[in-house]
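Enquirer: Sending over a structure as structure tokens; questions will come in a sec.
Throughout, read-outs are computed from the coordinates displayed, never taken from laboratory work. Please read these numbers as outputs of a predicted model, since none were measured by experiment. Heads up, the Cβs are rebuilt from the backbone with ideal geometry, glycines too, and the neighbour counts pull from every protein chain shown.
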Amino acid sequence: MDTSAQLKELLARIDRRSYPAYKDTRGSYRFPGYVLSIDHVQGDPFAAPSKVSVHVEGRQGAFPEALYGTAHQRVALQDALTRRFGRLAAGASFQAKGSGHSGLISVSRCGQEVLERTACRIDPASGNIVLRLEVGFPANGRTINARELEKILFDLLPRCVEGSLYAKSWKGEELRQVADLAEDQQYIREALPGLGLCAFVADGSILPRASGVSQLPMKGAVPFQSPRELAVELDLPHRGKITGMGIRRGITLIVGGGYHGKSTLLKALELGVYNHIAGDGREYVITDPSAVKIRAEDGRSIRCTNISPFINHLPNGKDTVRFSTEDASGSTSQAANVVEAMEAGAKTLLVDEDTSATNFMVRDELMQRVIHRDMEPITPFLDRVRELYEQKGVSTILVAGSSGAYFHVADTVIQMDRYVPRDITALAKEAAAAFPLCGGPLEPMESPEGERKPRPAPELQEERVKLKALGRDGVSLNREEIDLRYVEQLRDAEQCAALGYCMLYAQRCLLDGRRTLAETAQALEDLMEQKGLEALCGSRGGVPFLARPRKQEILACFNRYRGLHL
């Protein structure tokens, strides 16, 4: 390992040479209090920035072990360090001048959710910290401007490191509060099954967001207040007693007039599978971690999926036990999404009438009288939702604004009235009694998941695979786009990037003809749990910015990848 002084000498030697001479800087250099590693150098000032990492030993960082003793505390601390470093880097970025990306200093941009990322990693055994960032190596045209890079590496970057990666730079209880919040959130999550709940929404939560393009809490929004009938009290390890609405396992219907907060509540619940930062307003909105948002997805690819519990006896005789299509309709896509969520281990389904296929959800009495059940290949979700819970243990939380048919099957009915929830179960049941459902008994539902065949890997040579993340819209492998726009619980472009690396890793190591896709998704989750996100990456070009997806989104990505051989 070289010293920082040797790096400074090297920069002086290559100053004003052609840009490729920057490649000589690759390596590790000891600075006071940390090691700087230049992992990958960009080819020219207009290319993707260089990848750099900072390594701080545990004794230098001196963060108490109590702040990262558990996995959820460690992820929260890593998130806090990344956010602090990012704020400092934003102030230092482009203070060094030049062409192209010259002077850029950047790290992952964190949203309201607390996600495990490659940007910052803390070794639980030693407390050693690795923080990864991107730096635009300065140039004038395509000529090295080493003096400006020296300014970044010896002035601007050390200030960012000193202001974020050492415990002494944090105020008093600042990080203790981060760890305590993470522990309280995990306490609620682990308490849900024992309480018979699939979700919890704390009193005082702020659910509305500032706008359609901002995830910040809305100023002046109505604080959430649980109905008395659904109130639950918890005694958290750090915050102490907290009250809120417990959504019981079974079938919960959320109703109300337009713009009264139905979909806002459901959106908070679907994102409750993640922890949120303090001040978000949804810190104590906690949902069953396996919960999956289900919607119609016209045009998606479906391969060998058993949708027969919902769609059967098609006029063209097409097999719905192993159903395949390149261009799914609203109803077939939503049926497949339900089945695939169950394959991924979902025990709670989240459904919004507004994004569902109407004919998949319900058939009204008049339509059933005119078009008899024998002539309709679709068995509505209404007719199966009770079975899903009683036979498979899968709960459903459903937003409905136009059809009252679900009153008959709901265990709990919550009315949103100007963002205030009210338990109207008794009233809804009484009203529903005057409008009995028509239709006879159904054939019992067999296991909709079925057995998928093991999948061999696509015939792709690793060195020829071109991976490109498409923001939060999806990922591209060798120009084969995987459309993830409607996998709505993906919250970060770095999660989509990680899914791309999951696909590549699976093709190299897991899709061997012996595993199903669900087993492959589980193997990838186990790999990330045991070895971290870095295990997905090859050795070339340094570790990219990735955020950890859930097993449910990994399987969703596989199921939308048209390039998989069947």
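Enquirer: Just to confirm the number: angle between the C-alpha axis of helix 517-531 and the first principal axis of the chain, 0 to 90 degrees, nearest 10?
Expert: Approximately 40 degrees, to the nearest ten.
Enquirer: Given the options Phe360, Val321, Ala431, identify the residue whose Cα lies farthest towards the positive end of the charge dipole of the stretch 248-451 (+1 on Cβ of Lys, Arg; -1 on Cβ of Asp, Glu).
Expert: In the stretch 248-451, that residue is Ala431.
Enquirer: What is the order of Asp423, Asp288, Asp327, Asp24, fewest Cβ neighbours within 10 Å to most?
Expert: Asp327, Asp24, Asp423, Asp288
Enquirer: Could you check the simple spin-label distance between Arg485 and Ala167, using points 7 Å along Cα→Cβ, in nm with one decimal?
Expert: Placing both labels 7 Å beyond Cα along the Cβ direction yields 4.9 nm.
Enquirer: Follow-up. Length gain on complete extension for the stretch Gln215 to Ala5, per 0.36 nm per residue less the alpha carbon to alpha carbon distance?
Expert: Between Gln215 and Ala5, full extension yields an extra 71.1 nm.
Enquirer: In what sequence do His276, His408, His40 fall when counting other Cβ within 10 Å, fewest first?
Expert: Lowest count first: His408, His40, His276.
Enquirer: Determine, from the Cβ-Cβ distance of Arg562 and Arg87 and an R0 of 45 Å, the FRET efficiency 1/(1 + (r/R0)^6), rounded to the nearest 0.05.
Expert: Here the calculated transfer efficiency is 0.65.
Enquirer: Run through the DSSP bridge list for the chain and note the antiparallel percent, rounded to the nearest 5.
Expert: Given both bridge residues lie in the chain, the antiparallel proportion sits at roughly 75 percent.
Enquirer: At a threshold of 8 angstrom on Cα-Cα distance, excluding pairs fewer than six apart, so keeping six or more, what relative contact order does the chain reach in percent?
Expert: 12
Enquirer: What is the Å³ per residue value for the convex hull set by the Cα atoms of the stretch 249-294?
Expert: 89
Enquirer: Find which of Ile206, Gly194, Gln6 sits farthest along the positive direction of the dipole of the chain, computed with +1 on the beta-carbon of Lys and Arg, -1 on that of Asp and Glu, about the Cα centre.
Expert: Sorting the options by dipole projection puts first Gln6.
Enquirer: Report, in deg cm²/dmol and to the nearest 500, the calculated mean residue ellipticity at 222 nm for the chain, where each DSSP H run with n ≥ 4 adds -39500 (n - 2.57) and the sum is divided by the residue count.
Expert: The per-residue figure over the chain is -8500 deg cm²/dmol.
Enquirer: While we're looking at this one, here's another question. Tabulate in residue order the Karplus-calculated ³J(HN,Hα) for the stretch 127-143, using 6.51 cos²θ - 1.76 cosθ + 1.60 with θ = phi - 60°, rounded to whole Hz; enter x for Gly and Pro.
Expert: With coefficients 6.51, -1.76 and 1.60, one gets x, 5, 10, 10, 10, 9, 8, 10, 10, x, 5, x, 8, 9, x, 10, 10 Hz.
Enquirer: So, one more: Can you pull the three principal axis extents for the Cα set of the stretch 248-451, in Å, largest first?
Expert: For the stretch 248-451, the Cα spread along each principal axis is 54, 41, 29 Å.
Enquirer: Determine which residues of the stretch 234-262 fall in the zone a paramagnetic label at Ala431 would reach in this model, i.e. backbone nitrogen under 12 Å from the point 7 Å along Cα→Cβ.
Expert: Residues passing the 12 Å test: 255-257.
Enquirer: Turning to a different aspect of this structure: Any idea what the dipole of the chain comes to, in debye rounded to 20, about its Cα centre with Lys/Arg Cβ at +1 and Asp/Glu Cβ at -1?
Expert: 1760
Enquirer: Another question, if that's okay. For Arg228 and Ala48, FRET efficiency with R0 = 45 Å and r from the beta-carbon atoms, rounded to 0.05?
Expert: Using R0 = 45 Å, I get an efficiency of 0.20.
Enquirer: Given just the C-alpha atoms of the stretch 258-350, how large is their convex hull per residue in cubic angstrom?
Expert: 124
Enquirer: Something else about it: Kirkwood Rh over alpha-carbon pairs of the stretch 202-295, then Stokes-Einstein at 4 °C and 1.567 mPa s: what D in µm² s⁻¹, rounded to an integer?
Expert: Roughly 91 µm²/s, to the nearest whole number.
Enquirer: Based on the Kirkwood radius over alpha-carbon pairs, what is the Stokes-Einstein translational diffusion coefficient of the stretch 105-146 at 25 °C with 0.890 mPa s viscosity, in µm²/s?
Expert: The Stokes-Einstein estimate is 188 µm²/s.
Enquirer: Next question, about the same structure. Note down the Stokes-Einstein diffusion coefficient of the stretch 1-63 in µm²/s, whole number, using a Kirkwood radius over alpha carbon pairs, 25 °C, and 0.890 mPa s.
Expert: Calculated translational D: 192 µm²/s.
Enquirer: Amide H of Ile311: which non-local residues (sequence gap of 5 or more, or other chain) have their own amide H closer than 5 Å, using H built in the peptide plane?
Expert: Distant-sequence amide H within range of Ile311: Thr379.
Enquirer: Could you give the nm distance between label points at Glu65 and Glu519, where each point is 7 Å from its Cα heading toward the beta carbon?
Expert: Modelled inter-label distance: 3.9 nm.
Enquirer: Right, here's the next one. What fraction of the Cα pairs in the chain, stated in percent, has a spacing above 46 angstrom?
Expert: The share of Cα pairs beyond 46 Å in the chain comes to 22 percent.
Enquirer: According to the Kirkwood expression over distinct Cα-Cα pairs, how big is the hydrodynamic radius of the stretch 83-197, in Å?
Expert: With all distinct Cα pairs of the stretch 83-197 included, I get 16.7 Å.
Enquirer: Right, another one. Step by step: find N for the stretch 462-559, compute 2.2 N^0.38 Å, then divide the Cα radius of gyration by it. What's the final number?
Expert: 0.98
Enquirer: Exposure proxy check: Ser356, Ser290 ranked by fewest other beta carbons within 10 Å?
Expert: Ordered by Cβ neighbours within 10 Å, fewest first: Ser290, Ser356.
Enquirer: Measuring from the lowest to the highest alpha carbon on each principal axis, how far does the stretch 159-256 reach, largest first, in angstroms?
Expert: 53, 34, 19
Enquirer: For Val321 and Tyr259, calculate 0.36 nm times their separation in residues minus their Cα-Cα distance, and state this gained length in nm to one decimal.
Expert: Full extension from Val321 to Tyr259 adds 18.4 nm.
Enquirer: Label points 7 Å out from Cα along the Cβ direction at Arg508 and Glu387: separation in nm?
Expert: A separation of 4.4 nm, rounded to one decimal place.
Enquirer: At q = 0.15 Å⁻¹, what log₁₀ I(q)/I(0) does a Debye calculation on the Cα points of the stretch 2-170 give, no solvent, two decimals?
Expert: With one equal scatterer per Cα and no solvent, log10 I(q)/I(0) is -0.79.
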